[in-house]
Structures are given as structure tokens and as C-alpha cells.
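> Just dropping this structure here.
The values are calculated or read from the model by the stated rules, or taken from the named source; none is laboratory data. This one's a predicted model, so the numbers in the text were calculated from it and none came from an experiment. FYI the Cβ positions are ideal-geometry reconstructions off the backbone, even for glycines, and counts take in every protein chain you see. Accessible surface is based on the protein model in full, side chains and every heavy atom, while ligands, DNA and RNA are left aside. Shrake-Rupley method; radii C 1.70, N 1.55, O 1.52, S 1.80 Å.
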Amino acid sequence: MAKDPQNQHTPTPDTEEKMHRENPETECFDYVQDASDEVNSQADEANEIIDKELADIDALNKQLLDAQAQVEKEKKEYLFLMAEFDNFRKRTVKEKGELIKNASESVLKGLLPIVDDFERGLDASAKIDDPAEIRKGMELIYQKLIKYLEQNGVKAIESTGNQFDAEIHEAIAMVPVQDESQKGIVIDTPTKGYTLNDKVLRHAKVVVGQ
């Protein structure tokens, strides 16, 4: 009977084991090949890790460069704004000084007509013997002055008969009172106080009941 050709070329397990025993070089080659494949696999993994880390470093470097560029841009904008603010401050100080100067000139100029009235009143009083007429002229000039002050924001502080207020009053004397309701009340105002646009220009000097 003829032998099966397939059986002639396909080794059995027993045959393979025998071959390994008879050819130890073949088994050593397999181990070397496996080790080489493992090393290559680890090298590939290491290269992938290195490539990823390099990519991360590149991304961080790009972020750093972008941040530095942004800081430089904001620095220039900040310096520009500081220069603009300094110019604005200098311009404001100059304008404020000119405004105060012009306001002072305007106020003083407005007082000149009242000074003229006083001079005319003094001249007239030398020719008038009636004190009532002289007083009448003085009252007219006084009312004109008070009106002018009010037009410029200056108002008298109402004190006598009101409760003492340290914010607007300055007590120059304390007098005993029999009426309990008069305690802490302004009894007299030797010197009037004034406000300028609701701010105390001069405190009123007052006598307070005690």
C-alpha cells in the first residue's frame, strides 16, 4: 500500500519534540525572535510616549509664546492708558485752576456795583441829617448784597431759637435758663454763620441755653 504524502511531511507532536531535542539551536532561535519582538514592541511604545511628550511640550511652548505675546500687548496698552490718564489729569488740573480763577473774578466783579452803592450812600449821608433816611439807604444796599450772595450759593444759617448743632454752630457761651425746654437751644447769635451750596462756609457763633 502506498503511503499518504501528507503524512510524510506533517510532523507529529512527538516528532517535533524529538526534533527540538535533536536541534536545540532551533528552540534558541525562537526565544531570540520572541525577545526581539518584545523589545521592538517596547521600543514602539516608548517612541509613542516620547512623541506624545514632545507634542505636549510643543503645545506648552506655543501656549507660553501666546501668553508672552498677550502680556506684551497688554503692557503696551497699559502704558498707553497711563500716558492718556496723565495727560487728562494735567488738563483737568489746569482747567480747574482756570475755572476757580475765572469764578473768583466773576464774584469780585459782581461786588463792584454794591461797592458803588456804598460810596454813593456815604456821599449822600454827609448831606442828610435824618438818620431814618440814612438807615433806609443802608438797608437797600444790605438787601442787594444779601440777594447777590444768595445768587452765588451763599445763605445765612438760621440759628436763634433752634437746637444747637455742632455741625453748623460754634458755642461761645453757655447761659443758665429756667425753662427746661430752652436747654440746648440757641439763645442768641452774636455772629451769623453761612453756607456755600449747603456746605458750611462759616460756623455761626452762638450762645446756648444750659
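> Quick check, is Ile187 surrounded by 13 or more Cβ atoms within 10 Å (Cβ to Cβ), in contact (Cβ under 8 Å) with a residue 24 or more places away in the chain and either in a helix (DSSP H, G or I) or in contact with a Lys or Arg (Cβ under 6 Å, 6 or more places away or on another chain) (or both)? Before the answer, list the steps.
On the way: surrounded by 13 or more Cβ atoms within 10 Å (Cβ to Cβ): yes; in contact (Cβ under 8 Å) with a residue 24 or more places away in the chain: yes; either in a helix (DSSP H, G or I) or in contact with a Lys or Arg (Cβ under 6 Å, 6 or more places away or on another chain) (or both): no.
No.
> Return the residues of the stretch 122-157 that are outside any helix (DSSP H, G or I) and among the charged types (D, E, K, R); say none if nothing qualifies. Steps first, please.
Residues of the stretch 122-157 that are outside any helix (DSSP H, G or I), as a first pass: 126-130, 152-157.
Answer for the stretch 122-157, where residues must be outside any helix (DSSP H, G or I) and among the charged types (D, E, K, R): Lys127, Asp129, Asp130, Lys155.
> Still on this structure, please answer the following. Is at least one residue of the stretch 167-178 open to solvent by 60 Å² or more (accessible area, probe 1.4 Å), farther than 23 Å from Lys199 by Cα and in contact with a strand residue (DSSP E or B) (Cβ under 6 Å, 6 or more places away or on another chain)?
Taking the stretch 167-178 as the starting set, the residues that turn out to be open to solvent by 60 Å² or more (accessible area, probe 1.4 Å) are 167, 170, 172, 174, 176, 178.
Applying the additional criterion that residues be farther than 23 Å from Lys199 by Cα yields 174, 176, 178.
Going one step further and asking which of them are in contact with a strand residue (DSSP E or B) (Cβ under 6 Å, 6 or more places away or on another chain), we end up with 174.
Yes - at least one qualifying residue is present in the stretch 167-178.
> Same structure again: Regarding the stretch 124-136, can at least one residue be identified that is under 22 Å from Val154 (Cα atoms), open to solvent by 70 Å² or more (accessible area, probe 1.4 Å) and modelled with pLDDT of 85 or more?
For the stretch 124-136, residues under 22 Å from Val154 (Cα atoms), open to solvent by 70 Å² or more (accessible area, probe 1.4 Å) and modelled with pLDDT of 85 or more: absent.
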